[in-house]
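*Asks:* One structure follows; several queries about it will come next.
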Amino acid sequence: MKFHRERQSILARVHSRSGTGEEGQALVEFALVASMLLVVVTGVLIFGIFEMQLMSLTEGVNSAGRVLAVEAGLTLDPCADAVKAVQNAAPLLSSSNMSYTIVLNPTPSSGSSTAQTYANKTTCSSTSTTTGAPSYLVSGGSVSVTAYLNKCSLAMFGKNFAPGGCQIYQTITEAVQ
């Protein structure tokens with residue numbers, strides 16, 4: 001008998017609530033919260049993609065600096081080696097949206113008067129390691145690599161938060177070994 005009474009009381013409670021007009025309340029609350037949650041999650045994802053681009057670019061520039069720091073007298077085209085190092089370390093970044101500035105300074109203590117700057121070039125080859133760009137890559141000198149990602153997007157739900165586009169860049173300076 002006790003079981004029969006508990007069953008009746010549960011059924012009675014269910015039937016008494018069904019007429020209160022709260023049948024769709026949970027669905028309405030979910031719709032309100034889900035839309036806000038969707039905006040927040042999308043914003044986090046867009047920011048995550050931007051951070052991934054920044055971290056990839058940083059790793060690429062660091063790799064290029066390390067490559068050039070140990071290539072004194074070993075390469076005929078230091079610019080191409082630096083560009084290749086960036087692209088290998090950051091394969092998710094589009095090489096068509098990248099530009100580079102490479103500064104080779106054989107005597108950093110005397111200022112920048114002896115430095116050679118190669119801006120927006122992916123090659124600076126020479127026929128010998130003692131002439132042209134390779135001649136500025138000497139032990140005791142310094143090398144500076146800057147890579148620019150010229151097109152990054154911060155768009156969400158049709159609204160672009162960087163309407164003119166955005167440019168991110170990273171720079172590293174290394175001593176040549």
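*Asks:* Answer with yes or no whether Ala147 is in contact with a helix residue (DSSP H, G or I) (Cβ under 9 Å, 6 or more places away or on another chain), in a helix (DSSP H, G or I) and surrounded by 12 or more Cβ atoms within 10 Å (Cβ to Cβ).
*Replies:* For Ala147, the condition - in contact with a helix residue (DSSP H, G or I) (Cβ under 9 Å, 6 or more places away or on another chain), in a helix (DSSP H, G or I) and surrounded by 12 or more Cβ atoms within 10 Å (Cβ to Cβ) - is not met.
*Asks:* Mind checking whether some residue in the range 45-56 is in contact with a strand residue (DSSP E or B) (Cβ under 7 Å, 6 or more places away or on another chain), within 29 Å of Phe157 (Cα to Cα), aromatic (Phe, Trp, Tyr) and modelled with pLDDT under 95?
*Replies:* Yes - at least one qualifying residue is present in the range 45-56.
*Asks:* Tell me which residues, restricted to the range 128-155, are aromatic (Phe, Trp, Tyr) and more than 15 Å from Thr114 (Cβ to Cβ).
*Replies:* The one that is aromatic (Phe, Trp, Tyr) and more than 15 Å from Thr114 (Cβ to Cβ): Tyr148.
*Asks:* What tally of residues in the range 154-176 results from selecting those that are assigned to a loop (DSSP other than H, G, I, E, B), surrounded by 12 or more Cβ atoms within 10 Å (Cβ to Cβ) and in contact (Cβ under 8 Å) with a residue 12 or more places away in the chain?
*Replies:* Residues flagged as assigned to a loop (DSSP other than H, G, I, E, B), surrounded by 12 or more Cβ atoms within 10 Å (Cβ to Cβ) and in contact (Cβ under 8 Å) with a residue 12 or more places away in the chain within the range 154-176 amount to 3.
*Asks:* Counting just the residues of the range 117-143 that are without any contact (Cβ under 8 Å) to a residue 60 or more places away in the chain and part of a strand (DSSP E or B), which one comes out surrounded by the most Cβ atoms within 10 Å (Cβ to Cβ)?
*Replies:* The residue in question is Ser142.
*Asks:* Going by the conditions given, is Gly73 modelled with pLDDT under 90 and either among the small types (Gly, Ala, Ser) or touching a strand residue (DSSP E or B) at 6+ places or on another chain (Cβ under 9 Å) (or both)?
*Replies:* So Gly73 passes the test.
*Asks:* Oh, and also: On the given criteria, is Val61 surrounded by 15 or more Cβ atoms within 10 Å (Cβ to Cβ), touching a helix residue (DSSP H, G or I) at 6+ places or on another chain (Cβ under 9 Å) and of a type in the set (Val, Ile, Thr)?
*Replies:* Here the answer is yes, as Val61 does meet what is asked.
*Asks:* From Val40, Val28, Val44, Val67, which residue is surrounded by 11 or more Cβ atoms within 10 Å (Cβ to Cβ) and without any contact (Cβ under 8 Å) to a residue 60 or more places away in the chain?
*Replies:* Val67
*Asks:* Also, quick follow-up: For residues that are in contact with a strand residue (DSSP E or B) (Cβ under 7 Å, 6 or more places away or on another chain) and surrounded by 19 or more Cβ atoms within 10 Å (Cβ to Cβ), scanning just the range 79-102, find the one that is nearest to Ser63 (Cα to Cα).
*Replies:* The residue in question is Val86.
*Asks:* Is it the case, given these coordinates, that Val86 is at pLDDT 90 or above, farther than 24 Å from Met52 by Cβ and among the aliphatic types (A, V, I, L, M)?
*Replies:* No; evaluated as a whole, the condition is false for this residue.
*Asks:* Next question, about the same structure. Scan the range 47-59 residue by residue and report those that are more than 18 Å from Ala162 (Cβ to Cβ) and in contact (Cβ under 8 Å) with a residue 40 or more places away in the chain.
*Replies:* If the condition is that a residue be more than 18 Å from Ala162 (Cβ to Cβ) and in contact (Cβ under 8 Å) with a residue 40 or more places away in the chain, then Thr58 is the only one that fits.
The values are calculated or read from the model by the stated rules, or taken from the named source; none is laboratory data. Being a predicted model, the structure only gives us computed values, none of them experimental. FYI the Cβ positions are ideal-geometry reconstructions off the backbone, even for glycines, and counts take in every protein chain you see.
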